[in-house]
Amino acid sequence: MNRESLSIKAAIATLGCKVNQYESEGLGEALTRRGYTMVPFSSVADCYIINTCTVTARTNYQSRQIIRKAIRNNPEAVIVVTGCYAQTAPAEIAGIPGVTLIAGHAEKDQIPDLIARLLKERLEIRVGDIGQTRQFSSLAATRFKDHTRAFLKIQDGCNAWCSYCIIPSARGRSRSLAEGSVLEQLAHMGRTGYREVVLTGIHLGAYGQDFSPQSSLVDLLRKVEEQHPVERLRLSSIEPTEISDDFIALLRQSALLCPHLHIPLQSGDDSILTRMKRHYTTSFFKDLLEKLCRAIPDLAIGIDVIAGFPGEGEAAFERTVELIESLPVAYLHVFPYSVRPGTPAAAMPDQVSPDEKKKRAEILRTLGTRKREAFARRFHGRSLRVLVEERRERSSGLRKGFSGNYLPILMTNADASQVNQLVQVQIENIDGTRISGRIMTP
């Protein structure tokens, strides 16, 4: 096979967060510019790129499964493994026969130039010390296949070192995309036709702290607000300690920012938060959410919570449930604690059994469903501005979209001409978490 040929077919599989999704799109665009043909991952390709995640042991397993699937699809293909799992466990991945290249995060930008010269018989590992990396990745995505919303990675890395988390070892220190580049890329996305962009990062609230002089996420958002390059801007996840009064005031007054925040809680017990190295208390968290909802009554707040962290006894878990019951949240993301070798939590005593973690996670997910239903019911009979998506609900064939406060809404009268348009929808029916309504005519 001539690997210099412009007819080389390449496929990318992505696991994990929106940052990984963004970087995969950037890789795909870089390959396309070099003449490669991008094909579905399930098809026979000359090169497969697997952009891995390592946030849990389960994602490591899934990454290995996908690597082996690519090798089965075409045993002669170049197999490139990158992402967080590749950064933290390159030797483990090198033990999979058929892998051609293992690339760390700092080396990810080089992948498009390396593929053409890689030979099947040679395994190459390019994983440097990510802790020494200060440069922001040059991979930029401008098109997002099968997505109405665009993503823009403006921050990478994390300095927090929570006791359960391997990500600082995988992603390195916090670093930010220059303000000028953020504004330029947002303007380009707006000109391309995207109505909504999601700003994403590993530790989004740390944006600008690596600049000299230092800047902040609020400083950036104010500049974006002035230029208004797109119609809606959404934030991914932000830490509770980084939501200042200035941030709340900006969100309340903004004509651009979506009234939607995702704020990690992780535990509702103060002793567990201390063991996790989370630098806030449950009373601080509750006061913050109540302050946010007083300032922005229709604000949707999602939270992360970990079930079964080491040392979480029955009483600590009950305190978590009681706290969440009292919080004005719209939904939960629940994660059973996953042991990550190399983190302080992995060596802690009083590990919770897998069965108990599973049971507690199920209790929290049931609570999350109740919270989601209660939040949705507040909007019955009201009208919300919704971005219409291409995808349809399988059972009904109705088109779907999201409101600014992140409610998934089915539209009974949407047609193809309204895809990627922001429309007013009258909410007519709420059945559990299923919300439907009719687009209002001007």
The condition from (1) modelled with pLDDT of 90 or more; (2) open to solvent by less than 30 Å² (accessible area, probe 1.4 Å); (3) small (Gly, Ala, Ser) that residue 94 misses is numbered (2)
Output yes when any residue across segment 292-304 is buried (at least 16 other Cβ atoms within 10 Å of the Cβ), touching a Ser or Thr at 6+ places or on another chain (Cβ under 7 Å) and among the small types (Gly, Ala, Ser), and no when none is.
-> no
Would you mention how many residues in segment 195-212 are assigned to a loop (DSSP other than H, G, I, E, B), in contact (Cβ under 8 Å) with a residue 60 or more places away in the chain and under 16 Å from the mean Cα position of the chain (by Cα)?
-> 1
Restricting attention to segment 47-70, which residues are open to solvent by 30 Å² or more (accessible area, probe 1.4 Å) and modelled with pLDDT of 90 or more?
-> 61, 62, 64, 65, 66, 68, 69
When only residues in segment 338-370 that are among the hydroxyl-bearing types (Ser, Thr, Tyr) and under 23 Å from residue 327 (Cβ atoms) count, which is surrounded by the most Cβ atoms within 10 Å (Cβ to Cβ)?
-> 369
Which pairs do you get when a residue that is closer than 19 Å to residue 15 by Cα, found in segment 71-86, comes within reach of a residue that is among the small types (Gly, Ala, Ser) and open to solvent by 10 Å² or more (accessible area, probe 1.4 Å), reach meaning Cβ atoms under 6 angstrom, with the pair 6+ apart or on two chains?
-> 71/98; 79/98
Outside any loop (DSSP other than H, G, I, E, B), open to solvent by 30 Å² or more (accessible area, probe 1.4 Å) and closer than 16 Å to residue 357 by Cβ: does that describe residue 275?
-> yes
Just need a number here: residues in segment 402-429 that are at pLDDT 95 or above and outside any loop (DSSP other than H, G, I, E, B).
-> 14
Taking residue 399 as meeting all but one of (1) farther than 21 Å from residue 322 by Cβ; (2) open to solvent by 30 Å² or more (accessible area, probe 1.4 Å), write down the number of the exception.
-> (2)
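Among the listed residues 365, 378, 372, 278, which satisfies the condition of being closer than 30 Å to residue 438 by Cβ and under 24 Å from the mean Cα position of the chain (by Cα)?
372
Evaluate segment 103-126: report whether one residue or more is in a strand (DSSP E or B) and surrounded by 18 or more Cβ atoms within 10 Å (Cβ to Cβ).
yes
The values are calculated or read from the model by the stated rules, or taken from the named source; none is laboratory data. Nothing here was measured: the structure is a model prediction, and the numbers come from that model. When we count neighbours, we look across all protein chains shown, and the Cβ atoms used for this are built from the backbone with ideal geometry, even at glycine. Note: accessible area is taken over every heavy atom of the protein model, side chains too, but ligands, DNA and RNA are not part of it. Shrake-Rupley method; radii C 1.70, N 1.55, O 1.52, S 1.80 Å.
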